[in-house]
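What follows is calculated from the coordinates using simple rules that are stated; it is not laboratory data. Because the structure is predicted, anything quoted here is derived from the model rather than measured. Cβ coordinates were reconstructed from backbone atoms using ideal geometry, including for glycine residues, and neighbour counts include every protein chain displayed.
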Amino acid sequence: MLAFAGLKRFGTPPLFDPAAGVTVREPLGQGAGWWAGVPSAMYDDESSKFYLYYRLRKPRELGRAVERRIAQSDDGRHFADIWQATKEQIDTASVETSCLAISFDLRCWQRITTSGPFVTSPYGCIRYVEAVQLEREIFYYHEYTRPDGSHQLRANQVLC
């Protein structure tokens, strides 16, 4: 078992209101099929930074999942992209879900996060909820369906 594995905890976390979340990443367009989502998030104690992986998607007829990015933040709410790769750069038809992973020897990798669909919003489902816990707060990152059918990436900060 890797040293960081103890950072994930079992129990009932504090609830949050997905509709009250702060948008941290917008989709590339508006309407059904435009998504920013499938988050994977972590906090690095050494750099005191949050890291957020996410995917951008277009409607199927325009190319579907087209890009993945990693963003960095000091406060867990305001992110700047630090890496990106298009589906052409990685020679694939579509970019689906991925995640952040860690390695101590660059040969063996362990996935940090696992996610899946969660609860619903008035317009669709809240998907791919990811939680990062600090001492007295939890940052929840999730894909949220907007009234126009597109998905944006939101963050909620809850004290615990």
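At 7 Å along Cα-to-Cβ for each site, give me the label-to-label distance between Arg136 and Leu62 in nm.
Spacing of the two 7 Å Cα→Cβ label points: 4.4 nm.
How charged is the neighbourhood of Tyr140? Take every other residue with its Cβ under 11 Å from the Cβ of Tyr140, and add Lys/Arg as +1 and Asp/Glu as -1.
After counting each charged neighbour, the total is -2.
Can you list residues from other chains, or at least 5 along the same chain, whose modelled amide H is less than 5 Å from the amide H of Arg25?
Leu153
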